[in-house]
Amino acid sequence: MAIEPIRIPTVDDPCVRDFRSMSDPALMRERGLFVAEGRLAVERLLASRFRTCAVLLTDSLLPRLEPALAARAGDGGGPSVYLTDSAQLRQITGFRFHRGCLALGARPASGMTDAAGLQPDAARPLVALEGVSNPDNVGSIFRSAAAFGASAVLLSPTCADPLYRKAIRTSMGTSLTLPFQVAEEWPDALQRVKASGARLVALTPDPGATDLEALVRRRDGAPAALLFGNEGDGVSRAALDLCDERVRIEIEPAVDSLNVATAAAIVLQRLRAARRLRAARAQWRM
């Protein structure tokens, strides 16, 4: 379906009012919106479960985004498409913006984006985050979770917003594609995960915790939820008390801990490698 972009004559045009609010996260949330920046994130938003309300882009980006825009328009209820130039785009956003396109998405009414994705899965772990307040870390964890086959992400209410523009950008748009839930009742949400059949594993630098490689060697394929804590304080005592096991990544004694996004990437990669190895061995035996 052909799209009909609208040329924005001035930066104070009412059509781009919401784009002018993108640097105010509280106002964006109040209006039920979030913003995706750059071609890749906008394409992923257009292809995602979220409704795309509007797209603002320069003429040079239009040909590259036209297929994705046309596909969404063909589904019915496609976004409004506005054309501007680079100078106007900088004025509208309030900062030097080089990516050439922005899109506004409709924020879900609740923190849930896909209930089915939060069910325990023997093949793919659930990632749970408690108090991870840095949006770059949240975005990086989403990217690793998507890359290494996690089923979904469960976040405490004290985590950074996975739909904040920095989190979307750092996640390379995977926070728009991977199911997630922001659980208002915490740590009760972890108890519900356990009750549904998942083994809850907390990652901690505690020297007395099980070594990650030991966990990898004895993983039996049962559903698992991996809990990562706050960048400074780690997993809370209340959440630790709910966990079935505590696991640490062995590192040099001179270093006390790893960045939470780095730790998540290591754990997810090691578990995925172990799953693939077991599957290959099973196939070889057949």
Fill in the blank from the handout: Those residues of the range 130-149 that are under 11 Å from the mean Cα position of the chain (by Cα) and either closer than 21 Å to K194 by Cβ or not polar (S, T, N, Q) (or both) come to a total of 9
Exercise for the section: Pull up the range 10-33, narrow it to residues that are within 22 Å of the chain's Cα centre (by Cα) and in a loop (DSSP other than H, G, I, E, B), then point me to the one that is surrounded by the most Cβ atoms within 10 Å (Cβ to Cβ). Expected result: M22
Exercise for the section: Could you tell me whether the range 214-222 includes any residue that is under 19 Å from S151 (Cβ atoms) and touching a residue at least 60 places away in the same chain (Cβ under 8 Å)? Expected result: yes
Problem - Subset tally (residues that are surrounded by fewer than 17 Cβ atoms within 10 Å (Cβ to Cβ) and touching a residue at least 24 places away in the same chain (Cβ under 8 Å)) for the range 64-90 - result: 10
Exercise for the section: Take the range 215-262 and flag every residue that is farther than 27 Å from D136 by Cβ and modelled with pLDDT of 90 or more. Expected result: D241, L242, D244, E245
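Restricting attention to the range 7-49, which residues are of a type in the set (V, I, T) and touching a Cys at 6+ places or on another chain (Cβ under 7 Å)? Steps first, please.
Here is the first cut: in the range 7-49, the ones of a type in the set (V, I, T) are 8, 10-11, 16, 35, 42.
Passing the criteria: I8, V42.
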Exercise for the section: Would you check if there is a residue in the range 104-121 being at pLDDT below 90, closer than 30 Å to D233 by Cβ and buried (at least 21 other Cβ atoms within 10 Å of the Cβ)? Expected result: yes
Practice task
Report whether or not L61 is touching a residue at least 24 places away in the same chain (Cβ under 8 Å), among the aliphatic types (A, V, I, L, M) and not in a helix (DSSP H, G or I).
Solution key: no
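The values are calculated or read from the model by the stated rules, or taken from the named source; none is laboratory data. Fair warning: this is a prediction, and the values are worked out from it, not measured in the lab. As a convention, Cβ positions derive from the backbone with ideal geometry for all residues, glycine included, and neighbour counts pool all protein chains shown.
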